[in-house]
1. Let me have the 222 nm mean residue ellipticity of the chain computed from DSSP H runs of 4+ only, each contributing -39500 (n - 2.57), with the sum over all residues rounded to the nearest 500.
2. Of V228, I291, A173, which is farthest towards the positive pole of the chain's charge dipole, taken about the Cα centre with +1 and -1 on the beta-carbons of Lys, Arg and Asp, Glu respectively?
3. Restricting to lysines 8 or more places apart or on different chains, can you count the pairs in region 32-137 with Cα atoms under 18 Å from each other?
4. If the only charges are +1 at each Lys and Arg Cβ and -1 at each Asp and Glu Cβ, what is the size of the charge dipole of the chain around the Cα centre, to the nearest 20 debye?
5. Among residues other than H69 whose Cβ falls under 11 Å from its Cβ, what is the net charge (Lys/Arg +1, Asp/Glu -1)?
6. What's the Cα-based Rg to Rh of region 183-251, Rh via Kirkwood?
7. Principal axes first, then extents: for the Cα atoms of region 166-300, list largest minus smallest coordinate on each axis, whole Å, largest first.
8. List the residues, sorted by chain then number, that are 5 or more residues from G92 or on another chain and whose placed amide H is less than 5 Å from its amide H.
Amino acid sequence: KEIKVFAPATVANVVCGFDVLGFAVNEPGDEVVMRLVDEPGVRLLKITGDDGRLPLDSAKNTVSASVQHYLKHLNREDVGVEIELHKKMPIGSGLGSSSASTVAGLYAINQLMGNLLTAKELVPFAMKGEELACGYGHADNVAPALMGGFVLVRSYEPLDLIALPTPKNLFAAIVYPEVEVPTKDARQMIRAKVLLKDAVTQWGNVAGLVSGLFLNDIDLVGRSMKDVLIEPTRSILIPGFETLRALAMENGAVGFGISGSGPSVFALAKDEATARKITDAQQKHLTQLNINSNAYVSSV
Ligand code: HSE
C-alpha cells in the first residue's frame, strides 16, 4: 500500500497573532510518499530537494519522528513504514517548511492506518515535529496546514484550536528573499517582556483581525495587520523591509507583514491581479538590492 500526500505552506502569525494565528496557501508545499512494509519500524529512505541539509536519521527528521510518535500513541510500533520526502519549498523561509513536511507525513500515515484520527487530532503530533525543528512546538503553521484556511490557537494548554471563516476572494502575495532566517534564531531574538500599552495595541489588532474574518470585512482584516511586539525586532533581518511594505501598500495591498519568522513577507489582496502587481514590484526592488527572490500568489 503506497500513498502520496502534498501539504501546503502556511503563513503563521498573520502579523499581529504571534504563535496564535495562521493560514494555509495552495502552493508551495512538500510531498511525502509513504508505504507500509512488513518489517516493523519507521525508515526514512530518501529526501530530495533539500541539498542534503535535512537529517536522514529517522529519530531526528521531523517527518519520521512524528510518524513514530503517532504509531507509539496508537500502540502500533509493530507497523513498518518507508518514507520518501520531496521538499518542494525553501527551508528556513518563514513559510512553514518543516510544518509542510511533517503534516504531509502525518496525513499519509493516518490515511494508511485507516483514518483513525481527524485532521485536528493530528495537530499535537505535528507540534512535536515543530519542537524538534525549532525548539518550540508552536501550532500556528501545522494547524492551518492540517485544517486548511485560517486557524486560531486560542490556547496551548489545553490545546484549543478554532477554525476561522476564510473570506472568498482573498489572495496572499508572498515574496521570499533568499536570505535564510532559521526560526530557532528568530525566536531567540524576541524580547520576552512587553509593555502593557503595546499589549493593548496587539490584542486590539488580533481581535480586529478575527472580527474582520467573521464579518467578511477585508479592510478591517487589513488595518488589524499591525505588530508592535515582534516585527520591530525581526524586520531588521529582512532586506529592504520598509520599502517592501511601501510597495505592497502602494500597489493595493490591504495589509502587509512578515510571514512566520521571516524572511518571507506577505501581503493580502482582494484579487489575484493586485497580488501579482505587489509581488512583481517587490521582486524588482529585491533585484536592485542584488537579492534573489521567489514569489507565490495563492488564494487563501
Ligand atoms: N509563530 C512562529 C514564530 C512561526 O513566529 O516563531 C514560525 O514559523
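The values are calculated or read from the model by the stated rules, or taken from the named source; none is laboratory data. As the structure is a prediction and not an experimental result, all values here were calculated from the model. Cβ atoms come from the backbone with ideal geometry, glycine included; neighbour counts cover every protein chain shown. Just the protein is used for accessible areas: all its heavy atoms, side chains included, with ligands, DNA and RNA removed. Shrake-Rupley method; radii C 1.70, N 1.55, O 1.52, S 1.80 Å.
1. Values: 10 runs with 113 residues, N = 300.
The helix-only estimate for the chain comes to -11500 deg cm²/dmol at 222 nm.
2. V228
3. Numbers: K46/K60; K46/K87; K46/K88; K60/K72; K60/K87; K60/K128; K72/K128; K120/K128.
Counting lysine pairs in region 32-137 gives 8.
4. Values: 28 positive and 33 negative charges, 76 e Å.
Roughly 360 debye for the chain.
5. Details: positive: K72, K128; negative: E77, E131.
Overall, the nearby charge balance is 0.
6. Numbers: Rg = 13.9 Å, Rh = 13.7 Å.
For region 183-251, the value is 1.02.
7. The principal-axis extents, from largest down, are 40, 36, 22 Å.
8. S97, S98
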